[in-house]
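Engineer: This is the structure I want to talk about, given as structure tokens.
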Amino acid sequence: MSVLQTIVPLSGHFDYSFASSWHPDGVTFATGNQDKTCQIWDLRNLSKSVAVLQSNIGAIRSIKYTSDGRYMAGAEPADFVHVYDVKSGYENEQEIDFFGEISGISFSPDTESLFIGVWDRTYGSLLEYGRRRYYAYLDSLT
């Protein structure tokens, strides 16, 4: 029989947490909280979070990283999904704003699509957002 023990408490959130997700590197992870923040943690130093990301209207209830670790998405309970560029230190963000209750998010394994589940009795749906790339003519000459 195993006994659950607290190894290291995480200090930084001010309310209940709803979501967490590991970065593919196995060292970094994110937590989503009722205090309307998503905090990024480094397993090698848990004394404080690496970054604090703010939501708009509600708790971060779903967090996912792409399989290559380049992007992280965090979903609020309704209307907003935030997509962060991990390589920029979470500085660059795209906010997806729509109307609806969010039931979950997921990236495709090839990282080309972000799926957002929308819960609504009348307009329930699965939204798919494709990754946009900017290619110039000379990019093909590598």
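Readers should treat all values here as calculations from the given coordinates under stated rules, not as data from a laboratory. These numbers were taken from a predicted model, which means no experiment stands behind them. No Cβ is skipped: glycine too gets one built from the backbone with ideal geometry, and neighbour counts run over all protein chains shown.
Engineer: Just the residues that are surrounded by fewer than 16 Cβ atoms within 10 Å (Cβ to Cβ) and more than 17 Å from Leu127 (Cα to Cα), please, taken from the stretch 86-102.
Structural biologist: Correct list: Lys87, Ser88, Gly89, Glu91, Asn92, Glu93.
Engineer: Next question, about the same structure. So which residues in the stretch 12-51 are farther than 24 Å from Val83 by Cα and among the polar types (S, T, N, Q)?
Structural biologist: Correct list: Asn45, Ser47.
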